[in-house]
Structures are given as C-alpha cells and as structure tokens.
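First the structure, in the form of structure tokens, and then the observations on it.
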Amino acid sequence: MKPTVAKAGLAVCLLLILLTVFLFFHTGGTDAGKMKVAYGAFILLMLHGCYRVVWHLRHPSAAGEVEEMEQQLRQHTGTKELLQLFLDPRQMRFRTVGSLFILLVLYLFARPVWFWAFLALTVCIKSFLFFQMYRYQKAHAHLVNTIAEKALNRLEEGWEISENAKTAPQAVAAVLLQLTELARKTVGFYLAKPDDDPLPVGASKFGGQPDVPPDFEWPQGDTGQPLQLLLQINCAHLAAYDADKLLPASGRLYFFCDVSAIDSGNAHPAVCVLYTDRPAAQLHRQAPPALLRADLRLNERLLLFNMIETIPSYDDMLRLGLANPEHPSFDEYYDAVEVGNLQNPTDAAGTLLGYADTIQSSMLSDRPADDILLLQMYSIEDVDDGLQFGDSGMLYCYITRHDLQQRDFSHVRFEMQSF
C-alpha cells in the first residue's frame with residue numbers, strides 16, 4: 001500500500017467515523033435502536049480500517065497482500081497457530097470485517113433468507129481460504145524439512161555451507177522461497193564455434209567489423225582513440241527471449257569499448273552503446289580506422305541466444321528492498337543459493353536484462369528500481385589471446401527504464417569488476 005493512498009484512506013475513515021457518531025446521537029423513530037446498532041458496528045468497522053492503515057504505515061513493505069500472508073504462514077507452523085492467525089481480528093483484512101458488518105445489517109433489516117444466504121457464501125469462501133492456507137503451511141513445512149535434509153547431506157559431502165542451514169532451516173527456506181519468486185527471465189548469449197566464412201550483414205556477433213548505416217561515425221574514447229566493436233546484436237533475435245519486452249523488437253545494438261583499458265584493469269573503461277533501426281539492406285560492413293591497433297581487434301564470432309533465469313545478489317537484494325526477512329544474513333542467502341542450486345549460469349558469454357552477477361558491491365543507483373541491466377559480459381577465455389575484464393572479471397552496463405523506453409543509449413553507465 002502506497003503511503004499517499006494509506007493516508008487518504010485514513011482521512012476518509014476518520015471523516016466517516018465523525019459523521020456516523022453525529023448520526024448515532026441524532027437518530028430517532030421506531031427503528032432507532034436497530035439503526036444505532038448498525039451505526040456502532042460501522043464505527044467499529046472504520047476503527048478497524050484505521051488500525052490496518054496505521055499498521056501498514058508503520059510496517060512499510062514492497063510485498064503485496066498475498067506475499068504478506070505467505071510470510072505470516074511461514075512463521076506459524078502448527079494447525080492451532082494457523083487457526084489463531086485466521087481468527088485474529090488484528091490480522092483480518094478490511095473486506096473480512098466488512099463482510100461481518102454486512103451480515104449484521106442483513107440480520108437487522110433484511111429478510112432471513114438473505115442473511116442466511118450471505119452467511120453460507122461467506123463461510124464457503126473463508127473455508128476455502130483456510131484450506132489453501134493449510135496447504136501452503138504444510139508445503140512450506142515439507143520444504144523446510146527437505147532443506148534441512150539436503151543441507152545435512154551437503155555438509156557431509158564437504159560443501160561450504162553454514163551449520164545454520166541444518167540447525168535453523170526455516171530462515172534459509174524463507175530466503176530460498178523469495179529468491180525463487182524474484183528470479184527474472186534473462187537473455188543469455190553464447191559464442192558459436194569459430195567459422196572461416198564471414199557472417200551475413202546484420203548478424204548478431206562478437207567482435208569483427210560492425211554493420212552500420214551510411215551516417216555512422218566510429219566512436220572514440222576520451223583521448224580520441226577509436227573503440228573496438230565488442231558486440232553487435234540483432235534485436236529481432238531477442239524477441240523470443242525478452243519476456244518483458246523491454247528491448248527493441250527490431251534494429252541493432254552496438255557495444256564498443258576500449259579494449260586496451262579493459263586489459264589494463266580500468267574499472268571504468270570507455271564504452272559506447274549505439275542503436276539503429278535501419279533494416280539490414282541499408283547497412284554496410286565498416287572497416288575499422290587505421291588508428292585501431294591490430295592487436296586490439298577482436299575476432300568475429302556468431303552469437304547464439306537462450307532464455308535463462310537469474311537471481312539478485314545479496315547486496316542487490318538489500319538495495320532493492322526485496323529482502324524477506326528484512327535483513328537476512330549473508331550465510332542465510334548463501335545457504336539458500338547453494339541448497340536450492342540457484343547459482344546464476346556461468347557458461348554464457350554474457351546476459352541482457354535480469355540481475356547482475358556482482359563480484360564486489362552493488363552497482364545500483366540511488367533509484368534502484370529504475371535501473372535495468374542492459375548488458376553483463378564475462379571474461380572470454382576461448383578467443384585468441386582472450387578478453388579479460390581485469391582478473392577474470394565482468395563488464396556491466398546499466399540504463400534507466402525511461403532511457404530504454406525512449407531508445408536513448410547515450411547515458412548508459414558502465415563498470416568493470418574483477419577478483
């Protein structure tokens with residue numbers, strides 16, 4: 001619940017309480033007794049609404065209503081505790097209390113058949129909800145037991161996980177469940193085997209010479225040195241794997257970089273991202289400038305794509321405000337990743353979108369929800385002389401959601417991290 005919406009709801013509830021109190025003391029006639037009972041019940045309904053709003057304001061959470069209920073169920077392991085949670089007035093949603101108010105009004109003013117019909121409907125719905133909560137609770141208990149058993153086996157096999165995964169698997173299970181829910185569909189790309197035949201114009205590739213429109217100007221670094229083509233991506237090849245449709249559906253993305261700065265371990269190498277929506281028929285293969293040293297030119301390799309899933313790093317999880325519990329320990333996060341086998345794929349040459357597989361700290365900005373990982377590229381080991389981002393590191397490129405929607409790639413942030 002957004003704070004502005006919550007505060008507006010609180011103001012409406014208080015206003016309705018004042019209005020109902022006025023009506024309570026100024027109601028007369030033959031049905032005055034019934035009306036006052038209804039008014040009193042309505043005041044209790046509004047007070048309950050105020051309580052829920054204030055509770056949400058004091059316990060802000062990015063989780064939705066379903067996620068909040070799941071979190072509560074994970075903390076109540078017995079059937080008796082589940083029943084207490086289900087009947088606790090403090091935990092009742094506003095619509096539940098509203099249903100009770102409607103029942104009272106029907107009892108006071110409507111025909112008995114309407115009261116009993118609505119009561120039967122309410123009981124059926126709540127019974128089904130209780131059954132679903134019971135099933136979820138049992139499934140979570142089974143998951144906890146499975147994690148404890150798997151953790152014990154992996155500890156005996158010499159895996160580097162903490163004893164906490166065995167002695168207190170509930171915390172690990174909570175993080176594991178959340179990581180599974182937070183996993184994002186991600187475009188992974190891979191290098192095809194070397195081929196002596198030149199690739200067609202406009203193909204997705206690593207290195208080589210770019211296929212560009214007639215008005216193309218070769219990008220340069222801060223000192224005027226020409227940058228080397230790192231990647232050329234045909235966006236049409238990504239459509240089947242871009243689950244959220246964030247990337248352009250057509251055209252080509254070009255990633256140029258200062259290979260010499262990368263080899264020297266510069267954490268912020270000169271990188272340039274360009275985009276064109278020209279069709280392949282309007283592109284030509286552009287030879288590199290003479291100033292670009294031959295030893296810095298990367299051999300051309302075809303790119304292949306696939307859809308994978310990635311999870312947030314520990315730092316990103318905290319930075320995005322996604323952590324549940326709010327401050328899980330690193331051991332709990334690491335244990336959940338290891339026991340659940342949730343490691344981000346390492347066989348890809350890189351990824352587009354998804355979460356960053358950070359080596360050091362988080363690179364998210366002060367507005368992390370607006371940051372999109374445009375590119376993450378691993379060090380390449382199997383190309384002639386290789387392409388190392390420092391010491392077996394990675395190159396990361398972030399773009400804001402707004403700039404990506406506008407197809408404005410002039411403000412992309414770059415960083416390199418290594419071991």
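Annotations for the structure displayed:
- When the Cα gyration tensor is reduced to axis lengths a ≥ b ≥ c, the ratio a/c is 1.5 or higher for the stretch 202-288, and with a/b not above b/c it is classed as oblate.
- Between the C-alpha center of the stretch 233-259 and that of the stretch 359-419 there is a gap of 15 Å.
- Rounded percent of accessible protein surface that carbon and sulfur make up, the stretch 271-316, 1.4 Å probe: 53
- Protection proxy ranking of 111-119, 270-278, 351-359 - average other beta-carbon atoms within 10 Å, highest first: 351-359, 270-278, 111-119
- Global geometry of the stretch 276-315, whether rounded, prolate or oblate, following the gyration tensor of its Cα atoms and the 1.5 cut on a/c: oblate
- Each peptide in 361-373, 300-312 receives the mean, over its residues, of other Cβ atoms within 10 Å, and ordering these scores from highest gives 300-312, 361-373.
- Heavy-atom accessible area per residue - the stretch 174-273, 1.4 Å, Å²: 42
- Length released on extending from Ala290 to Phe22, taking residue separation times 0.36 nm less the Cα-Cα span: 87.8 nm
The values are calculated or read from the model by the stated rules, or taken from the named source; none is laboratory data. Note that the structure is a prediction, hence the values are computed from the model and not measured. Note that we place each Cβ from the backbone using ideal geometry, even for glycine, and neighbour counts take in every protein chain shown. Protein only, heavy atoms only, side chains kept; ligands, DNA and RNA dropped before computing areas. Shrake-Rupley method; radii C 1.70, N 1.55, O 1.52, S 1.80 Å.
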